[in-house]
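Below is one structure, written out as structure tokens; the observations come after it.
The values are calculated or read from the model by the stated rules, or taken from the named source; none is laboratory data. This one's a predicted model, so the numbers in the text were calculated from it and none came from an experiment. Glycine gets a Cβ as well: all are built from the backbone with ideal geometry, and neighbour counts include every protein chain shown. Each accessible area value is taken on the protein alone, full model and side chains, heavy atoms only, with ligands, DNA and RNA left out. Shrake-Rupley method; radii C 1.70, N 1.55, O 1.52, S 1.80 Å.
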Amino acid sequence: MWMIYGATGYTGALIAREAVRRGDRPLLAGRDAGKVEALARELGCEWRAFDLSAPDLSGVELVLHCAGPFIHTSKPMVRACLEAGVHYVDITGEIAVFEPVLARNEDAVKRGVTLLPGAGFDVVPTDCLGAMLKDRLPDANELWLAFHSSKDRASRGTTKTVIEGLGRGGAIRRDGKITVVPLLYDVREIPFSVGKRLAMTIPWGDVSTSYHTTGIPNIRVYKTMPPQLIAKLRRFGWLMRFAKLGLVKRMLLKRADRIQGPNERAREEGRTYLWGRVTNAKGDEVTMTMTVREGYQFTVLSTLLAVQEILHSPPTPGAFTPAKLFGKDFVTRIDGTEVP
């Protein structure tokens with residue numbers, strides 16, 4: 001039996017519905033008993049309610065953790081999974097979550113547990129793209145990754161995660177170490193398959209994970225932004241420091257509760273376009289592009305595939321990035337992925 005914790009959240013519910021549509025019956029769980037029970041009754045699943053101060057993983061083989069912001073929720077769930085000998089998968093995109101989870105590799109090996117953070121849109125496509133590029137240029141010492149979304153609307157949970165990170169600035173990896181940089185550290189045009197787009201560096205999960213996957217010591221990740229927004233950030237970005245203040249953060253988080261994620265049409269029609277570049281000390285360069293489904297739709301498909309792989313393959317204890325655990329071609333097994 002496997003569990004979806006955070007099953008009533010936007011992404012958790014999408015995954016639960018798709019799992020049931022495929023004939024599976026995961027155990028649904030979360031903190032709000034009323035909401036969990038209602039969804040479980042609708043989908044014909046068993047359910048369980050508990051707070052992360054006292055996780056109940058009895059009889060569970062794997063937890064798919066979908067309750068963010070993961071900076072607050074990942075640590076207690078990982079600890080509970082290790083203590084119970086239960087595999088752990090999540091959909092985080094936070095550098096501050098990836099690093100401590102991946103650092104627990106020895107604990108996971110001793111307990112016979114697989115730890116897999118980032119099994120969704122962040123970071124499966126970019127992680128696999130980075131691994132593909134590393135194969136094409138084995139002595140690469142710099143990796144740039146970028147993505148552009150045709151339907152770019154965040155869910156409530158994703159928005160809260162972004163709010164939690166406001167005021168921390170950007171991040172890159174330099175000489176193997178994660179380094180804090182200004183929010184607009186680098187802005188440039190990226191040649192995606194659908195044309196050039198203006199993009200800025202962001203503290204995306206691959207700043208952590210791509211290093212563990214490829215060993216490349218210098219990593220940047222870019223996301224496209226409207227030129228008008230980049231101009232506003234240049235003028236008013238200094239205000240971001242106030243987002244760290246408790247009162248401001250609480251106000252922003254309260255406003256985020258009103259947000260709804262993309263509707264079904266947007267999820268079905270949307271696509272995400274990726275671009276990657278590696279270079280070596282000699283100046284050789286290799287670039288690639290990739291297209292995948294809209295981010296939330298991709299997350300539904302990739303997490304369900306990851307869960308089934310872990311449950312039905314020989315045990316692989318340890319803490320992994322997606323490409324490390326499943327190989328660089330994992331992304332190509334997900335419907336809608338195009339690699340020229």
ask   = Which distance in Å, rounded to a whole number, links the C-alpha centroids of segment 292-310 and segment 180-222?
value = 22 Å
Residue 282 paired with residue 110, simple spin-label distance in nm, labels 7 Å along Cα-to-beta-carbon = 4.4 nm
ask   = How much accessible area does residue 329 have with a 1.4 Å probe, in Å² rounded to the nearest 10?
value = 80 Å²
task = Pull up all non-local amide H partners of residue 186: gap of 5 or more, or a different chain, and H-to-H distance under 5 Å with H placed in the peptide plane.
result = 201
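Provide the FRET efficiency to the nearest 0.05 for the residue 177-residue 33 pair, computing r from the beta carbons and using R0 = 56 Å.
Values: r = 44 Å, r/R0 = 0.78.
For R0 = 56 Å, the calculated efficiency reads 0.80.
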request  = Over segment 40-81, with every protein chain in place, what whole percent of the accessible area is carbon and sulfur at 1.4 Å, could you tell me?
outcome  = 47 percent
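May I ask you to rank 87, 212, 312 by accessible area, largest first, using a 1.4 Å probe over the protein chains only? Show your work: numbers first, answer last.
Working: 87 25, 212 75, 312 140 Å².
Largest accessible area first, the residues go 312, 212, 87.
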inquiry  = Could you compute how much accessible surface residue 189 exposes when probed at 1.4 Å, giving the result in Å² to the nearest 10?
reply    = 120 Å²
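Can you work out the FRET efficiency for the pair residue 20 and residue 99, with r the C-beta to C-beta distance and R0 = 25 Å, to the nearest 0.05? Don't skip to the answer; put the middle values down first.
On the way: r = 34 Å, r/R0 = 1.36.
Given R0 = 25 Å and the Cβ-Cβ separation, E is 0.15.
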query = What FRET efficiency do you get for residue 72 and residue 268 if R0 is 30 Å and r is their Cβ-Cβ distance, rounded to the nearest 0.05?
reply = 0.40
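For 268, 309, what's the largest-to-smallest order of accessible area, 1.4 Å probe? Kindly include the intermediate steps, with their values, before the conclusion.
Numbers: 268 85, 309 50 Å².
Putting 268, 309 in descending order of accessible area: 268, 309.
Express in nm, to one decimal, how much length is gained between residue 61 and residue 196 on full extension, taking 0.36 nm for each residue of separation and deducting their alpha carbon distance. Numbers along the way, then the final one.
Values: separation 135, 0.36 × 135 = 48.60 nm, distance 4.52 nm.
Between residue 61 and residue 196, full extension yields 44.1 nm more.
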note = Zone reached by a paramagnetic label modelled 7 Å from residue 1 Cα along Cα→Cβ, restricted to segment 42-66 with backbone N below 19 Å, covers 42-52, 54-66
key: Probe 1.4 Å - accessible area at residue 223, Å² to nearest ten   = 30 Å²
